[in-house]
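Report on the structure given below.
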Amino acid sequence: MRTRITDLLNIDFPIIQGGLAYLAYSNLAVAVSEAGGLGQITAMSLSSPEELRHEIKLVKEMTSKPFGVNFAIGQHGRSYEDMLEVAIEENVPAISMTGGNPSPILERLKDTSIKKLVLVAAKRQAVKAEQLGADAVMVVGHEGGGHLGRADTGTIVLVPQVVDAVSIPVIASGGIGDGRGLMAALALGAEGVEMGTRFIATKECIHAHPLYKEQIIAASEEDTTVIKRSLGTPARAISNEWTKKILEIEKENPTYDSLKTYISGKANKNYIHCGKDSEGFGWAGQIVGRIQEELSVNELINTIMEEAEQIRMRWNS
C-alpha cells in the first residue's frame with residue numbers, strides 16, 4: 001500500500017504509532033518499525049537528553065528501518081531544546097510535534113533531512129503548520145485518546161476539511177485501530193493513520209501495566225471521559241473513580257492548583273505503570289470499544305493490512 005506518507009517516511013504501511021507518554025520507548029518503536037509502520041520514542045517522558053540518546057541508539061541497534069521521536073511540547077512543564085539537539089545530532093528519520101507551538105522546532109529542523117510531522121486538531125492549525133514547513137500533518141478528532149483539540153469535531157468530519165485545506169499529506173488520528181479505520185481514513189483523503197490507544201494493548205508495550213491493558217480491552221466506547229476542559233487542554237481518559245474526582249473538582253473549583261495533584265504525571269504513572277486504579281488515570285480513546293484482545297505488534301499490523309486488502313477487493317468487485 002503506497003501513499004505519499006509511505007514514500008515520505010520510507011515505510012511499508014501508512015501506519016504511525018502515537019507518542020504515548022511514559023509508554024513509547026525503544027522496544028515498542030522497534031516492533032512497529034520492524035512490522036512496516038513508523039515506531040516512535042516519546043522524548044519528553046525521558047529524564048534527560050542522555051537517556052533519549054540511549055533510547056535512539058537502542059532503536060538503531062535493533063532495526064535499520066525508519067522511526068520517529070515525538071516531542072510533546074509544553075505538556076510536561078519542561079523545555080525541549082536539549083532533547084531536540086540530541087535528536088538532530090543522532091539524525092533521526094522523523095520528528096513529530098504534539099501540543100504547543102511547533103514553530104521553533106520546525107525552524108530548527110529547516111536545514112536538516114529529518115521529516116517533520118505536526119499533530120493538529122483544527123483546519124487553521126493544519127494550514128499554519130504547512131506554512132511553517134511541516135512535511136505532513138496528523139489530524140486528531142474528538143474520538144482520540146490523550147490531549148485533543150478544544151472543539152468537539154470528530155475525525156470523519158475534520159479529516160476531509162484538512163485534506164481540502166492543505167497540499168501536504170494528511171494522517172488521520174482518533175478512533176482508528178483496524179483495517180476498516182485505515183480504509184475509512186484513505187476514503188476521506190488521508191494518506192495514513194496514527195494510532196495510540198491500539199498500540200497500548202500490544203505485547204511489546206511492556207511499560208503498560210496489565211490492568212491498564214485489561215481495562216482497555218474490557219471497555220466499551222462509552223467508558224472514556226474528557227478531563228481538563230476547564231483548563232483549556234481537554235484530554236480523553238478511561239473512566240474511573242479518579243477521573244470522576246477530577247470532573248467534580250472541575251465543576252466545583254476549576255483551577256490548576258486544585259487539579260494539579262490529580263492530573264500530574266505521577267498520577268498518570270500510578271495507573272499506567274503500577275495498575276493503581278484508585279490513585280491515577282490512563283489515556284485512552286473511544287477506539288477501546290473496538291479492541292478485543294492483546295496482540296503482538298506484528299500480528300496487529302498484519303491483521304490491519306489483511307482487513308484493508310479485503311475491503312479493497314470488495315470495493316473493486
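In the range 255-292, how many residues are under 11 Å from ILE227 (Cβ atoms) and either of a type in the set (Asp, Glu) or over 23 Å from the mean Cα position of the chain (by Cα) (or both)?
Adding up the residues that qualify gives 1.
Would you list the strands (runs of 3 or more DSSP E) that sit entirely within the range 1-78 and hold 3 or more residues that are within 25 Å of CYS274 (Cβ to Cβ), touching a residue at least 24 places away in the same chain (Cβ under 8 Å) and within 16 Å of the chain's Cα centre (by Cα)?
39-42
Got a number for residues in the range 266-308 being exposed (fewer than 15 other Cβ atoms within 10 Å of the Cβ), touching a residue at least 40 places away in the same chain (Cβ under 8 Å) and in contact with a Gly (Cβ under 9 Å, 6 or more places away or on another chain)?
3
Looking only at residues that are more than 18 Å from the chain's Cα centre (by Cα) and surrounded by 14 or more Cβ atoms within 10 Å (Cβ to Cβ) in the range 218-227, which one is nearest to ILE291 (Cα to Cα)?
Only one residue tops the list, namely ALA219.
Would you confirm whether any residue within the range 72-88 is among the aliphatic types (A, V, I, L, M) and touching a Phe, Trp or Tyr at 6+ places or on another chain (Cβ under 6 Å)?
No.
Return the total of residues in the range 57-97 being modelled with pLDDT of 95 or more, hydroxyl-bearing (Ser, Thr, Tyr) and under 27 Å from ARG150 (Cα atoms).
Residues meeting the conditions: 1.
Could you tell me which of the residues VAL162, VAL170 is under 25 Å from VAL297 (Cα atoms) and in the same structural domain as ASP135 (by TED's automatic domain parsing)?
VAL170
Determine whether ALA187 is surrounded by fewer than 22 Cβ atoms within 10 Å (Cβ to Cβ) and modelled with pLDDT under 95.
no
In this structure, is THR112 over 19 Å from ALA21 (Cα atoms), among the hydroxyl-bearing types (Ser, Thr, Tyr), at pLDDT 95 or above and surrounded by 15 or more Cβ atoms within 10 Å (Cβ to Cβ)?
Spelling it out, it is not the case that THR112 is over 19 Å from ALA21 (Cα atoms), among the hydroxyl-bearing types (Ser, Thr, Tyr), at pLDDT 95 or above and surrounded by 15 or more Cβ atoms within 10 Å (Cβ to Cβ).
Does GLY232 satisfy the criteria of being surrounded by fewer than 19 Cβ atoms within 10 Å (Cβ to Cβ) and either without any contact (Cβ under 8 Å) to a residue 24 or more places away in the chain or on the phi < 0 side of the Ramachandran plot (or both)?
no
Given the conditions (1) buried (at least 16 other Cβ atoms within 10 Å of the Cβ); (2) part of a helix (DSSP H, G or I); (3) hydroxyl-bearing (Ser, Thr, Tyr), report the number of the one that TYR262 does not fulfil.
Tallying (1) buried (at least 16 other Cβ atoms within 10 Å of the Cβ); (2) part of a helix (DSSP H, G or I); (3) hydroxyl-bearing (Ser, Thr, Tyr), TYR262 fails exactly one: (2).
I'd like the full set of residues that are touching a residue at least 24 places away in the same chain (Cβ under 8 Å), of a type in the set (A, V, I, L, M) and over 16 Å from MET97 (Cα atoms), limited to the range 115-157.
Answer for the range 115-157, where residues must be touching a residue at least 24 places away in the same chain (Cβ under 8 Å), of a type in the set (A, V, I, L, M) and over 16 Å from MET97 (Cα atoms): ALA151, ILE156.
Determine, yes or no, whether GLU248 is exposed (fewer than 13 other Cβ atoms within 10 Å of the Cβ) and more than 20 Å from ARG150 (Cα to Cα).
No: the conditions fail for GLU248.
How many of the residues making up the range 259-273 are among the hydrophobic types (A, V, I, L, M, F, W, C) and out of contact with any strand residue (DSSP E or B) (no Cβ under 9 Å at 6 or more places or on another chain)?
Residues meeting the conditions: 1.
Inspect all residues belonging to the range 96-112 and state whether any of them is among the β-branched types (Val, Ile, Thr) and under 30 Å from ARG312 (Cα atoms).
The answer is no; no qualifying residue exists.
Given the criterion farther than 19 Å from ARG198 by Cβ, among the small types (Gly, Ala, Ser) and in contact with a helix residue (DSSP H, G or I) (Cβ under 7 Å, 6 or more places away or on another chain), identify the matching residue among GLY285, GLY280, GLY265.
So the residue among GLY285, GLY280, GLY265 that is farther than 19 Å from ARG198 by Cβ, among the small types (Gly, Ala, Ser) and in contact with a helix residue (DSSP H, G or I) (Cβ under 7 Å, 6 or more places away or on another chain) is GLY280.
The values are calculated or read from the model by the stated rules, or taken from the named source; none is laboratory data. All of these numbers come straight from a predicted model, not from anything done at the bench. Using ideal geometry, Cβ is built from the backbone for each residue, glycine included, and neighbour counts are taken over all protein chains shown.
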